[in-house]
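The structure appears below as structure tokens.
The values are calculated or read from the model by the stated rules, or taken from the named source; none is laboratory data. The shown structure was predicted, so the numbers you read here are calculated from the model rather than taken from an experiment. Ideal geometry is used to build each Cβ from the backbone, glycine not excepted, and the neighbour counts take in all protein chains shown. Areas reflect the complete protein model, heavy atoms only, side chains present, ligands, DNA and RNA absent. Shrake-Rupley method; radii C 1.70, N 1.55, O 1.52, S 1.80 Å.
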Amino acid sequence: MRLFTALLFYVLIIPLGFAQPQNAAIASAHPLATQAGFEILQQGGNAFDAAIAVSAALAVVEPAGSGLGGGGFWLLHRETDQLQIMLDSRETAPSQAHRDMYLDNNGEVVRDLSLNGPLAAAIPGTPAALDYLTEHYGNLPLSITLAPAIRFAREGFAVTP
């Protein structure tokens, strides 16, 4: 029996058996994201592929709580070899950032600079995580796992309050 488990943000995907969609459980924060995960399993993807699809779909259908512009943590387990991995995809500082960039001319911290404006921006980690998961653990290319999210963005979807 092949079992993959992928846990990210607030997504749980557990395909049981040989990643057959009818034997899988997917829970996410939005029904369309869950649907995206099942769609990828039906196309031969594994739980890691489904997690990528769910994450990307959440970025579209629930951008305030999930998104490509941020980061997260991925807890992964592969039953066949007991692989356990924690993938940190949190945002990082820009390469030109330095320890004095939030100080005024007197060496005092200007708190607002780290919260508002261009100096407050970080480099998102989620896109790199999706690529890393695809390359190291997935069965399908990003062109397939991102397709449901792209479709939701192009065709639209009903928004919640």
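A few remarks follow.
Okay, residues lined up against (1) in contact (Cβ under 8 Å) with a residue 12 or more places away in the chain; (2) of a type in the set (K, R); (3) closer than 24 Å to P141 by Cβ:
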{"site": "E39", "(1), (2), (3)": "yes, no, yes"}
{"site": "G45", "(1), (2), (3)": "yes, no, yes"}
{"site": "A57", "(1), (2), (3)": "yes, no, yes"}
{"site": "G67", "(1), (2), (3)": "yes, no, yes"}
{"site": "A97", "(1), (2), (3)": "no, no, no"}
{"site": "M101", "(1), (2), (3)": "yes, no, no"}
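- Among (1) modelled with pLDDT under 95; (2) open to solvent by 50 Å² or more (accessible area, probe 1.4 Å) - the single one L133 does not satisfy: (2)
- Any chance A57 is among the aliphatic types (A, V, I, L, M), under 12 Å from the mean Cα position of the chain (by Cα) and open to solvent by less than 70 Å² (accessible area, probe 1.4 Å): yes
- If you check N139, N106 for being loosely packed, with under 12 Cβ neighbours inside 10 Å, part of a loop (DSSP other than H, G, I, E, B) and of a type outside the set (F, W, Y), only one passes: N106.
- Selection within the range 27-37: residues that are part of a helix (DSSP H, G or I) and either open to solvent by less than 30 Å² (accessible area, probe 1.4 Å) or in contact (Cβ under 8 Å) with a residue 12 or more places away in the chain (or both). The member of this set that is farthest from E91 (Cα to Cα) is Q35.
- Within the range 39-53, if we keep just the residues that are part of a helix (DSSP H, G or I) and under 13 Å from A147 (Cβ atoms), the residue that is farthest from the chain's Cα centre (by Cα) turns out to be Q42.
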